[in-house]
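K.L.:
Here it is: the structure, laid out below.
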Amino acid sequence: MADATHATAVIVEIKRQERPDQPARWETFEVACRPGMNVIALLMEIRRRPVTRDGRETTPVAWEMACLEEVCGACTMLINGRVRQACSAIVDRLEKPIRLEPLTKFPLVRDLVVDRSVMFEQLKRIKAWIPIDGTYDLGPGPRMNEADRQVAYELSKCFTCGSCLEACPQYNPLTQFIGATNLSWVDFYGFHPTGAMNQHERLDAVMGPGGVQTCGNAQNCVQVCPKGIPLTNAIYRVKRAALRRAFQRWSES
């Protein structure tokens, strides 16, 4: 066990890239780590003194962070090849040397920063909201039964970090797969009595190209979800609902 009064030298390898049109490179740093430090604290130490292990001065590493409590997803990156949040990755528990890379399924901005705005565009595609125009009194709203509430609560833990998309082999430019996170939101709104009123619109949105039928059931999404959301169960329910919706559309045509 590490001595709490002394720092331990840790080697950190970071994949860096100034701009998307410039070549990537690896830089190695040696950082004095205290017991209990997370990867965010590690990066802050490097930013405080941006000098590589061989003594060469470099630019400060760019990354994103916000809540530091694993509820915003801003610091999601590849740590030792596995997608996870840097704020909850404790240095003492990681294999050394530590390798940090940006997510690969999103456009690179710089170093460990990527552009994940595509996820929010996909939330628009599936209409991940309950329409309220404010012109009438909604009252207290319908009550949910306890069984549905428990399932919906688990689904509501998603904070759109993108981990499930990074790990999914089907999520790539060729398939245009919408991904597990968006399918779980479709499932979530279907559980609420008010949300279910517009569920046919959400199902229509995931029945086209890149929709729910594109899921290959690799189940990587469940393995990497930081909140342990039962994503494959949600996808299964959406597949069944989409099939019923397809029969409904066929019978009405």
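K.L.:
About its Cα centre, what dipole magnitude does region 122-253 give when the only charges are +1 on Lys and Arg Cβ and -1 on Asp and Glu Cβ, stated in debye to the nearest 20?
P.N.:
In total the dipole reaches around 220 debye.
K.L.:
Which ³J(HN,Hα) values in Hz, rounded to whole numbers, follow from the phi angles of region 37-48 under the Karplus curve 6.51 cos²θ - 1.76 cosθ + 1.60, where θ = phi - 60° and Gly and Pro get x?
P.N.:
With the stated coefficients, region 37-48 comes to 5, 9, 5, 4, 4, 4, 5, 5, 5, 5, 5, 5 Hz.
K.L.:
Return the long-range amide H neighbours of residue 33 (sequence gap of 5 or more, or a different chain), with a cut-off of under 5 Å between placed amide H atoms.
P.N.:
8, 9, 10
K.L.:
Shape call for region 18-118 from the C-alpha gyration tensor, a ≥ b ≥ c root eigenvalues: rounded (a/c under 1.5), prolate (a/b greater than b/c) or oblate?
P.N.:
Note, shape of region 18-118 comes out oblate.
K.L.:
Additional query: Would you rank 174, 183 by solvent-accessible area, highest first, keeping every protein chain in place and using a 1.4 Å probe?
P.N.:
I get 174, 183, largest accessible area first.
K.L.:
Compute the helix-to-body angle for 180-191: its Cα long axis versus the longest principal axis of the chain, expressed 0 to 90° and rounded to tens.
P.N.:
Relative to the chain, helix 180-191 is tipped by roughly 40 degrees.
K.L.:
Also: How do 185, 250, 129 rank by accessible surface area computed with a 1.4 Å probe, from largest to smallest?
P.N.:
The most accessible residue leads, giving 250, 129, 185.
K.L.:
Cβ under 13 Å from residue 183's Cβ, residue 183 left aside: what net charge do those residues give with Lys, Arg +1 and Asp, Glu -1?
P.N.:
So the environment of residue 183 carries a net charge of +4.
K.L.:
Also: In whole Hz, what ³J(HN,Hα) sequence does region 11-27 give by Karplus (6.51, -1.76, 1.60; θ = phi - 60°), x for Gly and Pro?
P.N.:
Whole-Hz 3J(HN,Hα) from phi for region 11-27: 8, 10, 10, 10, 7, 10, 7, 5, 9, x, 8, 10, x, 7, 8, 9, 10.
K.L.:
Something else about it: Output wanted: per-residue J couplings in Hz (rounded whole) for region 117-131, from phi through Karplus 6.51 cos²θ - 1.76 cosθ + 1.60, θ = phi - 60°, x for Gly and Pro.
P.N.:
5, 4, 5, 6, 5, 5, 5, 5, 4, 8, 6, 7, 7, 10, x
K.L.:
Pick from 217, 145, 233: which residue has the top mean-square fluctuation in a GNM of the chain where Cα pairs under 10 Å get a spring?
P.N.:
Of 217, 145, 233, the Gaussian network model singles out 145 as fluctuating most.
K.L.:
Let me ask something additional. Could you tell me the ratio Rg/Rh of the chain? Both radii from Cα atoms, Rh via Kirkwood.
P.N.:
So for the chain, dividing Rg by the Kirkwood Rh gives 1.06.
K.L.:
Here's a follow-up. Semi-axes of the equivalent ellipsoid for region 69-197, please: Cα gyration tensor eigenvalues, times 5, square-rooted, ordered largest first, whole Å.
P.N.:
Equivalent ellipsoid of region 69-197: 33, 18, 13 Å, largest first.
K.L.:
Right, next: Which aspartates and glutamates does residue 227 reach when only Cα atoms under 19 Å apart count, and residues fewer than 8 places away in its own chain are ignored?
P.N.:
69, 70, 148, 154, 166, 187
K.L.:
Another question, if that's okay. Given the -39500 (n - 2.57) contribution per DSSP H run of 4+ residues, what per-residue ellipticity at 222 nm results for the chain, rounded to the nearest 500 deg cm²/dmol?
P.N.:
-9500 deg cm²/dmol
K.L.:
For the full complex of protein chains and a 1.4 angstrom probe, list 27, 252, 146 by accessible area with the highest value first.
P.N.:
Accessible-area ranking of 27, 252, 146, largest first: 252, 146, 27.
K.L.:
Report in % the part of the accessible area of region 1-98 that belongs to carbon and sulfur, leaving out ligands and nucleic acids; probe 1.4 Å.
P.N.:
Percent of accessible area from carbon and sulfur atoms in region 1-98: 49.
K.L.:
Could you work out how far the C-alpha centroid of region 101-128 sits from that of region 59-80, in angstrom?
P.N.:
Cα centroid of region 101-128 versus Cα centroid of region 59-80: 14 Å apart.
K.L.:
Another question, if that's okay. Using only Cα atoms, tell me the angle between helix 231-252 and the longest principal axis of the chain; keep it within 0 to 90° and round to the nearest 10.
P.N.:
That helix lies at roughly 30 degrees to the long axis.
K.L.:
So what does residue 227 come to for accessible area, using a 1.4 Å probe and Å² rounded to 10?
P.N.:
Rounded to the nearest 10, the figure is 60 Å².
The values are calculated or read from the model by the stated rules, or taken from the named source; none is laboratory data. Just so it is clear, the structure is predicted and the values come from calculations on it, not from any experiment. Methodologically, a virtual Cβ is constructed for each residue, glycine included, from the backbone with ideal geometry; neighbour enumeration extends over all protein chains shown. What goes into the accessible areas is simple: the full protein's heavy atoms, side chains included, and nothing from ligands, DNA or RNA. Shrake-Rupley method; radii C 1.70, N 1.55, O 1.52, S 1.80 Å.
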